[in-house]
Each structure stands twice: as C-alpha cells, then as structure tokens.
Amino acid sequence: MLDISTTRVTIDWLTGRLSGNAITSKEKRLGQLAGLFRHQEAFARMDPDQLVYTVQYWMPIDEGTPGGLFWGNTTIEPGRVGDEYFMTAGHCHAALNRAEFYAAVKGEGVLLLMNESGNTRAEKMHPGSLSYIPGGFAHRVVNTGQTPLTFVACWPSDAGHDYTTVASRGFGVRIRSIDDLPQVIQEVACGP
Ligand SMILES: [Fe+2]
C-alpha cells in the first residue's frame with residue numbers, strides 16, 4: 001500500500017497566505033520605489049520605511065524550467081503618495097508570450113494591463129475576481145481601497161520578470177484619487 005503524503009505547502013484561503021519551509025517572502029518599502037509615483041514632493045515627505053507591499057511565492061522547480069508553474073501572493077497596503085494609490089512596480093514577463101492568472105482574495109483594487117503598443121486597460125479586482133493576463137501584457141496592481149488588497153497568482157516557471165521596460169516607459173495611465181474616488185488618468189508616455 002502507498003502512503004498518502006502531506007503537501008509541502010498549504011494555503012489559507014481566507015487570507016491567501018502560504019505556509020511551509022519552501023516559501024520565499026519579500027517586502028517592498030516606499031524607499032525602494034523611488035520614481036514610481038508621479039508626486040515626487042509628497043514621496044519625499046513620506047517615511048521611506050513605510051511598507052507598500054509584500055510578496056510570498058513558491059517555486060517548486062528551478063526558475064527558467066520550461067513547462068512548470070509557480071504560485072504566489074501579493075498584499076498591497078492601503079495608502080497614497082499624494083493622490084496616487086499604493087501599487088506594485090509592475091512588470092512584463094522576460095519571455096514575453098507567457099501568461100498569468102491573478103485572483104483577488106480580499107480588498108479592492110485595479111489591475112492595469114498594457115500591451116506592446118502601449119495601449120492600457122483597467123480591470124476591477126475584488127474578492128473572488130479572477131483575471132487572465134495574456135502574454136505580451138505588462139501588469140500592475142493598484143490598491144484603491146481602505147484595507148490591504150491581497151491576490152494570489154499562478155505563472156509559468158519560464159516566464160521570468162522584466163521590470164526595466166515598465167520603469168522606463170511608464171504605464172500610460174495612473175490611478176488617482178479624484179474627489180475621493182479612483183479614476184484612471186491618461187498620462188503622456190515618459191519614455192520610448
Ligand atoms: Fe507576472
């Protein structure tokens with residue numbers, strides 16, 4: 001008879017959090033996100049130790065291995081820099097045609113998706129929302145709520161991450177609080 005083994009990793013579906021000794025965790029604090037937000041004076045007045053988002057992920061195989069999958073979660077704290085909500089840095093996949101799923105667990109936010117031509121669309125994230133990020137689209141998540149926004153993600157093990165394209169090019173739009181409501185505001189591209 002075969003033994004029934006226990007999994008190396010567990011997920012708490014109420015919080016999206018992962019447990020297990022194979023999990024990696026990372027934090028992004030405001031001081032690590034210089035240049036991300038439009039309101040530089042407001043940014044300079046804020047505490048660089050302010051936590052903006054945390055990431056947990058499980059890579060059961062080596063990064064770059066074709067055909068595998070990774071799993072993770074991100075929690076974005078509520079907050080703003082000036083009138084712009086806290087958000088992730090955003091990225092494309094280094095293997096540009098690799099797709100990804102994002103599913104929100106708690107909180108409220110917006111997923112920004114930008115194609116290679118620089119056209120951007122915005123999709124609501126709320127508990128239970130499931131977003132498909134097609135290959136070729138840069139992606140960024142913005143917390144537009146008053147509470148932490150947590151979402152889980154699943155992506156190919158050979159996708160990789162390219163942060164420099166978004167950092168140099170921007171996202172085409174910003175999510176700003178106008179009259180206390182989140183609005184998608186077009187901006188002039190800041191790079192090629
Ligand atoms: Fe991704």
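The values are calculated or read from the model by the stated rules, or taken from the named source; none is laboratory data. Quick caveat: nothing in here was measured; it's all calculated off a predicted structure. Positions of Cβ are backbone-derived with ideal geometry, glycine not excepted, and every protein chain shown enters the neighbour counts. Only protein heavy atoms, including side chains, enter the accessible area calculation; ligands, DNA and RNA are left aside. Shrake-Rupley method; radii C 1.70, N 1.55, O 1.52, S 1.80 Å.
Sequence-distant or interchain residues sharing an amide H contact under 5 Å with GLU100, placed H: which?
ILE133
What's the FRET efficiency of ILE185 with HIS161 using the Cβ-Cβ distance as r and R₀ = 30 Å, to the nearest 0.05?
0.70
Quick one: if the Förster radius is 22 Å, what FRET efficiency do MET59 and ASN115 give, using the C-beta to C-beta distance and rounding to 0.05?
The computed FRET efficiency comes out at 0.20.
Normalised radius of gyration for segment 107-162, please: alpha carbon Rg relative to 2.2 N^0.38 Å, two decimal places.
Normalised Cα radius of gyration, segment 107-162: 1.18.
Using the Karplus curve 6.51 cos²θ - 1.76 cosθ + 1.60 with θ = phi - 60°, what ³J(HN,Hα) values do you get for each residue of segment 151-161, in whole Hz, with x for Gly and Pro?
After applying 6.51 cos²θ - 1.76 cosθ + 1.60, I find 9, 9, 9, 9, 9, x, 6, 10, 6, x, 10 Hz.
Using a Gaussian network model of the chain whose springs link C-alpha atoms within less than 10 Å, name the residue from ASN119, ASN21, ASN97 with the highest mean-square fluctuation.
In the Gaussian network model the winner is ASN21.
So what's the net charge close to LEU69: Lys and Arg +1, Asp and Glu -1, counting the other residues with Cβ under 14 Å from its Cβ?
-3
Quickly rank 156-169, 70-83 as a protection proxy: mean count of other C-beta atoms within 10 Å, highest first.
70-83, 156-169
Where a Cα-Cα gap under 13 Å defines reach, which aspartates and glutamates qualify for LYS106, not counting those fewer than 8 residues away within the same chain?
Candidates past the 8-residue exclusion: ASP12, GLU77.
What percentage of the solvent-accessible surface of segment 29-141, computed with a 1.4 Å probe over protein heavy atoms, is contributed by carbon and sulfur atoms?
51
Quick one: which residues, 5 or more positions from PHE86 or on another chain, have an amide H under 5 Å from its amide H? H modelled 1.01 Å from N in the peptide plane, none for Pro or chain starts.
Hits under the 5 Å cutoff: GLY79, ARG80, VAL81, ASN143.
With only Lys, Arg, Asp and Glu charged, each at its Cβ (+1 for the first two, -1 for the last two), find how big the charge dipole of the chain is about the Cα centre; round to the nearest 20 debye.
Here the size comes out at about 120 debye.
Over the chain, with a Gaussian network built from C-alpha contacts below 10 Å, which listed residue (LEU14, LEU112, LEU96) shows the highest mean-square fluctuation?
Maximum among the listed residues: LEU14.
Taking every pair of distinct Cα atoms and averaging 1/r, then inverting, what Kirkwood hydrodynamic radius in Å comes out for segment 1-142?
Radius from the Kirkwood sum: 17.0 Å.
By its C-alpha gyration tensor, with a ≥ b ≥ c as the square roots of the eigenvalues, how is segment 40-122 shaped: rounded for a/c under 1.5, else prolate for a/b larger than b/c, else oblate?
Here segment 40-122 falls in the prolate category.
As a test of understanding, state the convex hull volume per residue of segment 92-192 from its alpha carbons, in Å³.
Considering the Cα atoms of segment 92-192, their hull volume per residue is 92 Å³.
Pop out the ³J(HN,Hα) list for segment 134-148 in order, Karplus 6.51 cos²θ - 1.76 cosθ + 1.60 with θ = phi - 60°, rounded to Hz; leave Gly and Pro as x.
The phi angles translate into x, x, x, 9, 5, 9, 8, 10, 10, 8, 9, x, 9, 10, x Hz.
Using the 2.2 N^0.38 Å rule of thumb for compact globular proteins, work out how segment 1-52 stacks up: its C-alpha Rg over that value, please.
1.94
Please compute the length gained on full extension between ALA42 and ALA22, using 0.36 nm multiplied by the number of residues separating them and subtracting their Cα-Cα distance.
3.4 nm
Using the Karplus equation 6.51 cos²θ - 1.76 cosθ + 1.60 (θ = phi - 60°), what ³J(HN,Hα) coupling, rounded to whole Hz, does each residue of segment 111-123 give in order, writing x for Gly and Pro?
Working through the residues one at a time gives 9, 9, 10, 10, 7, 5, 7, x, 7, 10, 10, 10, 10 Hz.
Tell me, in nm to one decimal, what length is gained between ARG29 and PHE101 on full extension, where the rule is 0.36 nm per residue of separation less the Cα-Cα distance?
23.4 nm
Which order, highest average first, do 102-108, 137-143 follow once you tally other Cβ atoms within 10 Å for each residue and take the mean per peptide?
Highest to lowest by the protection proxy: 137-143, 102-108.
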